[in-house]
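Encoded as structure tokens, the structure appears first; notes follow it.
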Amino acid sequence: FIQMLRSAEKRDVLQLLRRAPEEMRPFLVEAAVATQSVASLAALSDFLDFSKEPKSLVEKFLYTAAFSPRPSGELLHLILDKLDEKQLSPETWETGVVAVGSLVGKLCQQKLCGLQVVERGVETILRGLRGAEEEPKVVIYLLALGNAMLPETIPTLLDHAEDGPTAVTAAATSALQRFPVPHISSKVKRVMRRIFHQKRQSYDKTCRLAAAEILLDNHPLPMDVINILLATSEMETEMATFLLLKVQNSLRDHHHLARNIMKDIMGDPRINNYNFFSKVGTSSSFSGPLTVTQDLISTFGLDLLFLEGGFLRQSVSDFSLLSHGQAASTSVFQVTFEAQGMESMMGENLSEGEEEPELMAGMSATFFDVQLRPIIFFQGYTDLMAKVLLSSGEPTSVVKGNLLLMDHHQVIPLQSGLQVTVKLQGSLGLDISADMDVSIWEQELKTSVNARGSLTMDFQAELDSPFLQATLRSQTEVETSIHFNTMLRFSSSPVLMCLQLREEQVPYR
């Protein structure tokens with residue numbers, strides 16, 4: 001379909017989009033974005049009215065653009081122009097800003113940072129961040145900077161990480177976590193130390209743990225590892241348990257950058273002793289292999305952080321790929337559930353000096369290094385009761401659609417004087433949904449993540465001459481699905497927890 005669209009005129013593409021049945025339009029929009037021809041982008045510009053079109057179709061366009069493997073400057077230009085329109089819904093604006101960050105980052109990876117439209121994209125995010133007064137808007141701009149991963153924005157992220165309220169600090173530290181090791185400088189580490197050890201103000205548990213992870217995962221200094229371990233003796237049981245399990249995980253992981261340093265430190269009985277490692281909280285941190293082949297390792301990781309009263313504060317499920325001989329793994333997708341303010345609703349006492357957080361539950365997801373717009377399940381007690389009473393029971397769609405992963409075309413001259421034309425295309429169809437269900441009466445919390453995907457590869461080599469024609473063609477298809485569920489019951493002590501990870505058979509054709 002993409003190959004057909006590449007030779008189409010603007011009026012043909014526009015006619016196709018306008019006359020197609022409603023259920024076919026998302027597919028056509030995805031194909032037009034993947035084509036990225038001048039005609040298809042011009043047709044999309046005329047067809048999509050961000051203030052009138054169904055939000056789902058506009059969001060489909062923005063996410064398909066954000067996931068483009070090699071986006072063009074024209075695609076970024078189109079989105080920036082559309083975001084300048086008035087009367088955008090909050091969801092459309094948020095998705096658009098996140099997509100701009102992703103496109104800026106990918107164009108810079110293609111050494112196109114100098115393009116005028118890229119500079120306009122960076123300035124749009126930074127100007128918006130400077131002028132944003134509402135906390136949710138600041139968070140969205142910080143997520144966009146995380147998607148862009150531009151080294152020159154690190155000082156901005158550090159300022160917000162150290163001085164912002166909880167949601168802002170969390171967004172800035174999670175953006176910093178995504179930068180590769182060479183960019184985690186001594187200045188970044190100094191700020192992370194101040195956040196973890198709470199030198200200037202008190203920080204939320206999740207922010208302190210994110211700061212500790214940045215220090216532990218990026219060529220840590222032995223002193224940092226020792227200080228983090230020593231700090232656990234002063235912490236609440238749950239946070240200390242979580243951190244100590246993180247350290248033990250890195251010891252088991254042969255690819256972890258801090259493994260050798262950790263082993264040396266564990267040789268010291270003043271650190272590696274029962275007093276430190278006998279914490280018996282409910283929190284847990286686990287990672288292990290799902291599939292191991294000659295070329296690739298796929299891993300599943302699960303982090304569960306509980307509060308002292310037994311309520312879940314944060315749950316992170318992560319699926320990653322690691323090629324043999326590769327230093328760092330690639331996160332395929334990561335889903336984070338957060339719940340806060342539950343303890344006060346159940347009559348739990350807060351820790352000394354801790355502010356009472358607003359009742360809230362939400363989810364955020366990162367897919368192939370693109371952070372998606374966060375989803376709030378409920379915010380405030382009234383909203384919670386409305387959601388409980390009017391719940392549809394349907395899971396929330398995180399991302400659904402078809403993405404072009406690779407698109408390669410090459411002409412190879414042979415020694416005989418003949419030419420071979422090689423074409424390679426790869427696309428991914430996926431459907432990821434997640435759900436969080438809080439039952440006040442049963443005192444239960446359930447989360448579920450369902451991921452289904454199919455990968456298609458199409459390879460063609462063609463030799464065409466006046467006296468000889470030969471074509472070699474191969475098609476490969478793989479389908480897989482993973483379902484991950486957690487159920488937590490708070491009505492008894494200790495908290496009862498059930499985890500289920502189900503991976504279905506993988507058909508390979």
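Kindly establish whether residue 478 is hydrophobic (A, V, I, L, M, F, W, C), at pLDDT below 90 and crowded, with 17+ Cβ neighbours inside 10 Å. No: the conditions fail for residue 478. Pairs meeting the criteria (first residue in region 449-470 and touching a residue at least 60 places away in the same chain (Cβ under 8 Å), second residue assigned to a strand (DSSP E or B), beta carbons under 7 Å, at least 6 apart or on different chains) are 449/317; 449/335; 449/434; 449/484; 451/333; 451/432; 451/481; 451/482.
Applying the selection to region 154-182, what residues are more than 19 Å from the chain's Cα centre (by Cα) and either assigned to a helix (DSSP H, G or I) or within 17 Å of residue 370 (Cα to Cα) (or both)?
155, 156, 158, 159, 160, 162, 163, 166, 182
For region 245-257, does any single residue satisfy the condition of being aliphatic (A, V, I, L, M) and over 31 Å from the mean Cα position of the chain (by Cα)? No, region 245-257 contains no residue that is aliphatic (A, V, I, L, M) and over 31 Å from the mean Cα position of the chain (by Cα). Any idea which of 343, 338 is at pLDDT below 75, surrounded by 17 or more Cβ atoms within 10 Å (Cβ to Cβ) and not in a loop (DSSP other than H, G, I, E, B)? Answer to the check: 343. Scanning region 185-204 for residues that are modelled with pLDDT of 90 or more and either assigned to a helix (DSSP H, G or I) or buried (at least 18 other Cβ atoms within 10 Å of the Cβ) (or both) turns up 186, 187, 188, 189, 190, 191, 192, 193, 194, 195, 196.
None of 496, 418 is in the same structural domain as residue 401 (by the TED database) and in contact (Cβ under 8 Å) with a residue 24 or more places away in the chain except 418.
A residue that is closer than 30 Å to residue 311 by Cα, at pLDDT below 80 and touching a His at 6+ places or on another chain (Cβ under 8 Å) can be found somewhere in region 250-261. All of (1) open to solvent by less than 60 Å² (accessible area, probe 1.4 Å); (2) assigned to a strand (DSSP E or B) hold for residue 471 with one exception: (1). Cβ-Cβ distances below 7 Å connect the following pairs, each with a first residue in region 259-279 that is surrounded by 11 or more Cβ atoms within 10 Å (Cβ to Cβ), a second residue that is part of a loop (DSSP other than H, G, I, E, B) and of a type outside the set (Gly, Ala, Ser), and a separation of six or more residues or different chains: 259/253; 261/220; 265/271; 266/272.
The residue that is least open to solvent (accessible area, probe 1.4 Å), counting only those in region 400-414 that are modelled with pLDDT under 90 and either out of contact with any helix residue (DSSP H, G or I) (no Cβ under 6 Å at 6 or more places or on another chain) or not assigned by the TED database to the domain that holds residue 455 (or both), is 403. Can you say whether residue 238 is surrounded by fewer than 17 Cβ atoms within 10 Å (Cβ to Cβ) and closer than 28 Å to residue 165 by Cβ, as far as the supplied structure shows? Taking the combined requirement at face value, the residue does not satisfy it. In region 1-62, counting only helices (runs of 4 or more DSSP H) that sit wholly within it, the ones holding 1 or more residues that are touching a residue at least 60 places away in the same chain (Cβ under 8 Å) and not assigned by the TED database to the domain that holds residue 373 span 2-6, 25-35.
Residues in region 65-122 that are touching a Ser or Thr at 6+ places or on another chain (Cβ under 9 Å), hydroxyl-bearing (Ser, Thr, Tyr) and surrounded by 14 or more Cβ atoms within 10 Å (Cβ to Cβ) were compared, and the one that is nearest to residue 429 (Cα to Cα) is 68.
Count of region 307-335 residues, restricted to those that are at pLDDT below 80 and closer than 30 Å to residue 369 by Cβ, is 11. The requirement of being more than 20 Å from residue 370 (Cα to Cα) and touching a residue at least 12 places away in the same chain (Cβ under 8 Å) is not satisfied by residue 110. The single condition from (1) over 18 Å from the mean Cα position of the chain (by Cα); (2) small (Gly, Ala, Ser); (3) part of a helix (DSSP H, G or I) that residue 96 fails is (1). Any residue that is touching a Lys or Arg at 6+ places or on another chain (Cβ under 6 Å), open to solvent by 40 Å² or more (accessible area, probe 1.4 Å) and outside any loop (DSSP other than H, G, I, E, B) - is there at least one of those in region 427-442? Checked against the condition, which is being touching a Lys or Arg at 6+ places or on another chain (Cβ under 6 Å), open to solvent by 40 Å² or more (accessible area, probe 1.4 Å) and outside any loop (DSSP other than H, G, I, E, B), region 427-442 yields at least one hit. Wholly within region 215-301, which helices (runs of 4 or more DSSP H) include no fewer than the required count, namely at least 2 residues that are closer than 18 Å to residue 331 by Cα? In region 215-301, 237-252 are the helices (runs of 4 or more DSSP H) which contain 2 or more residues that are closer than 18 Å to residue 331 by Cα. Please tell me if residue 424 is open to solvent by less than 80 Å² (accessible area, probe 1.4 Å), assigned to a strand (DSSP E or B), more than 30 Å from residue 283 (Cβ to Cβ) and modelled with pLDDT under 90. No.
The values are calculated or read from the model by the stated rules, or taken from the named source; none is laboratory data. On a predicted model such as this, the values are computed, not experimentally measured, just so you know. As a convention, Cβ positions derive from the backbone with ideal geometry for all residues, glycine included, and neighbour counts pool all protein chains shown. Side chains are part of the model used for accessible areas, which takes the heavy atoms of the whole protein and leaves out ligands, DNA and RNA. Shrake-Rupley method; radii C 1.70, N 1.55, O 1.52, S 1.80 Å.
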